[in-house]
Structure formats: C-alpha cells, structure tokens
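*Asks:* There's a structure below that I have some questions on.
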Amino acid sequence: MSLIKRNFLNNNKHIPAKFSVFYLIIGVTFIYFIYDQLSNSYSSTLNLLFIFLIFSVFLLFFILTHMQKAIQRVYKSYIELKDKDKERLIPYEFVLNNSVDSIYWFTIDAKIVYLNDTACNILGYGRDELIGKYLEVFDTNFNRQTAIETMQKIKNTNNFLLETTQRKKSGDIFPVEVSGHSFIFEGKEYICAFGRDITKKQEINKKIKNMNLEIQRSLNEKEVLLKEIHHRVKNNMEIISSLLAMQLRRADDDKIKYILRQAKSRINTMALVHEFLYLGENLASINLQDYIKRLVQDIKELYISQNTKLEVDLHIDKIIFSTNRCIQIGMVIHELCVNSLKYAFKEDRDNLLCIHIKKIGDKINVKIRDNGEGLKNINSLYKSESIGMQLIHSIVENQLDGTLDFKNNRGLECNIIFSKEEEE
C-alpha cells in the first residue's frame, strides 16, 4: 500500500500546475460566456475579472504547490519512521521466529492473533490458515467453553504450566508442554503461550523409568541374595555354637567349661550382627543402640544365674554403623561385660553394669563401668596376656584406631574413644 502511495506522489508532481490551468480555462470560459451579456459600459468590469482570474490562478498554484511539498515531507517522515520501526523490530522478529518454542498470542476468548514461524513449521499450517481461528483447531483436548476457561485460568495464575497434546495439519498427535502468561496491549487483554514439543523428553523419561525398574529389580534380587547369605552365615555360626554347647555339657573341668562358654558367646556376638542384617531393611548398616541392647541381654542369659541380681544402665545415642564396625564394638563390649560378670558381680548384693555410648563432636565415647571392688593394680590390665584383654587392645588400638583407659570409679571403669567416621 505504501508503494502505491509513493508512486502516486512521484507521478503527479505537476498537479498544482494542471489544476491551475484547469481553473484558468474554467474562468476564461465563464468570462467568455458572460461577455455577450455585458454591454460596452461594463468593459472595465471585464478587465477586472481577467485581472482577478490571473491573480487567483497564481495564488492557487502557489498554495497547491506549498501543500504538495508539505504533504510529501510529512509522508517522507512517516515512511522513514515506519522503516526505522521495522528495522528496530527485526531482531525481535528474528528471536521470535527462531525460538525453539512455539509462541502463540490469543485473545481472552482463545482466538489466535499471532504465531511464530516455529509454531507454523511444527503444526504444518501457514500463518494465514490459523490467524483468526481458535485454540481448539490444533488442540482437540479443548472445546469452545474449556478453551475460554483455560485462558481465564492462565490470566489468574502465575507461571501457568500445562501438559497437553496438539494435532498437526497432517493429523499426527504429539505431546506439548505449555506455559502461559497474560498481558495488556493497546488496552486489550491477550494471552501469550509458549509450547514445547516434549516427545523426546517423554521418550527419555520412559527409558530412564525402564532403566530404574531394571536396576530396582536387580537390586531386589541382590538384596534377597545378601539376606540369604547373612541368614546362612548366622545359621552356620549357630551350628558352631551348638557344637560348643554340646562340648560344654560333656566337659568336667571348670576351666574348660569357661573357655567353651566364652568361645560360644563370642560366636553369638558375631552371629547377632548377621541376624540384624537378615531381619532388617538395611543390608549395609545397623542401629548400634538396638544391637547393644540385644547383645547385653544374650550375655546376661548366658553368664548370670537366676540368683544374681543385675541392673543394666544403658544410655546409647542413636548411631548407625557398618557391619564391621558393629562387630568390632560388639566384641569389645562383650569382653568387658564378661570380665565384669566374672570378677565384679556376686549373688549376695545388688549389681550394676553401666554402658554409655555417646557422640561427642566427631568422636564416639564408650564407657563401661561395674560397681564391683575395682582393681588394685590397674596397670596389669594393659599388660595382661589373657585372650580377652589382648582382643580388646587389638580391636581398639589397631582396628578402631582409638584410645583405651582403665580406672577405679566405684568399681572398674573403662573409657574408649575413637573416631565417628569409618575409614573406607
């Protein structure tokens, strides 16, 4: 349209002259027509008319020429301004048309007023085929009523997001993730929607889901296998324990009986860990609190007679340890408890066994105390050649990398400190 206007102005530069000549011809014709009607006495009036005609022709030519130049200047300025606006919009149009997402503008009643090139290419429609149509043309999940309701929902919702499907001109259906925002332009409300084809995303998610199912299935199989292994290890240890119990019943020597009872108790300490792993949900770690409670109960049943009164003071923080660490701590507590049961407790008194395990910073503090008579020569415990004491020193110093301290405190007290973090 602008090209037609420009050609019209360029091809009609002589409009003022043509119009002035036309006006002059009309004026002369008019004067000639009335000439016969006028007498000689009005010849002076004719002269004035000719003079006025000539003057008005020049004046008209001047006015029309000035007006044409003014119009041309205004039109030129308009064209330049329009071209500048068009040039300024080029980057934005480029961004819109080369966006990965489809971009649509809708009126509040879901009429399409704009689509970018991406939307047209994906849907397979020309822009003119969709402008003025409604949303349900390419999204069959909507009808007239639900489309309007959705536009209202987008208007009233921040960061609106929806997963739907769209239909191409060819009839193919594909999944789309749509986000929408409302805005006002020139006093009218519009909805701007961004659509992204999520076909590949859904394919990837499906593959990941299948992989996760396969991994979970494999983990379940391995978990069953590990539980079975722990169950068999526990059973094998119970068989060994039963064999030792048989030997214990046949033994006559009290010293041999005590040795067999200790061996049986140590095996039960290790078997208990595998029982917890078999019965628990976690195959890699054990709650130390539950393990020590059960361990102390088993030791009491094995070593304490019904006539011996024993109160156990247990204060254990909730600590999760691996299988190896639980076995290490369990073996140490087992030896210390058995030592107290053997030397400190008597049938004719109230006996007390304190077991406190606390987290202090990045350290674990284990304190075991009885209310026996204590020990006159504490240093002898550091040099003892008994299997139990050697086992305690070996585990604390070499495996737990901790410190071991004995002292008399209303009985014999043992303090063990080691790092909370386990070495790989």
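*Asks:* When segment 358-374 is examined, which residues are found to be within 50 Å of the chain's Cα centre (by Cα) and not basic (Lys, Arg)?
*Replies:* Across segment 358-374, the qualifying residues are ILE360, GLY361, ASP362, ILE364, ASN365, VAL366, ILE368.
*Asks:* Among the residues of segment 172-186, are any in the same structural domain as LEU130 (by TED's automatic domain parsing), outside any strand (DSSP E or B) and modelled with pLDDT of 90 or more?
*Replies:* Scanning segment 172-186 turns up at least one residue that is in the same structural domain as LEU130 (by TED's automatic domain parsing), outside any strand (DSSP E or B) and modelled with pLDDT of 90 or more.
Rundown of residues vs (1) within 25 Å of MET151 (Cα to Cα); (2) outside any helix (DSSP H, G or I); (3) at pLDDT below 75, yes/no style:
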position: GLN68; (1), (2), (3): no, no, no
position: GLN72; (1), (2), (3): no, no, no
position: TYR78; (1), (2), (3): no, no, no
position: LEU89; (1), (2), (3): no, no, yes
position: TYR104; (1), (2), (3): yes, yes, no
position: VAL113; (1), (2), (3): yes, yes, no
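*Asks:* Given the options ILE364, ILE360, name the one that is surrounded by 20 or more Cβ atoms within 10 Å (Cβ to Cβ), out of contact with any helix residue (DSSP H, G or I) (no Cβ under 7 Å at 6 or more places or on another chain) and among the aliphatic types (A, V, I, L, M).
*Replies:* Unique residue meeting the criteria: ILE364.
*Asks:* Within segment 284-297, can you find the residues that are at pLDDT 80 or above and not β-branched (Val, Ile, Thr)?
*Replies:* ASN287, LEU288, GLN289, ASP290, TYR291, LYS293, ARG294, LEU295, GLN297
*Asks:* Same structure, new question: Could you check, for segment 112-131, whether at least one of its residues is within 23 Å of GLY187 (Cβ to Cβ) and in contact with an Asp or Glu (Cβ under 8 Å, 6 or more places away or on another chain)?
*Replies:* No, segment 112-131 has no match at all.
*Asks:* Looking at segment 127-140 only, could you name the residues that are part of a loop (DSSP other than H, G, I, E, B) and modelled with pLDDT of 90 or more?
*Replies:* Correct list: ILE131, GLY132, LYS133, PHE138, ASP139.
*Asks:* Testing ILE320 on (1) surrounded by fewer than 17 Cβ atoms within 10 Å (Cβ to Cβ); (2) under 15 Å from ILE299 (Cα atoms), one condition comes back false. Which one is that?
*Replies:* Just one mismatch for ILE320, condition (2).
The values are calculated or read from the model by the stated rules, or taken from the named source; none is laboratory data. Please read these numbers as outputs of a predicted model, since none were measured by experiment. Every residue, glycine among them, receives a Cβ derived from its backbone with ideal geometry; neighbour counts consider all protein chains shown.
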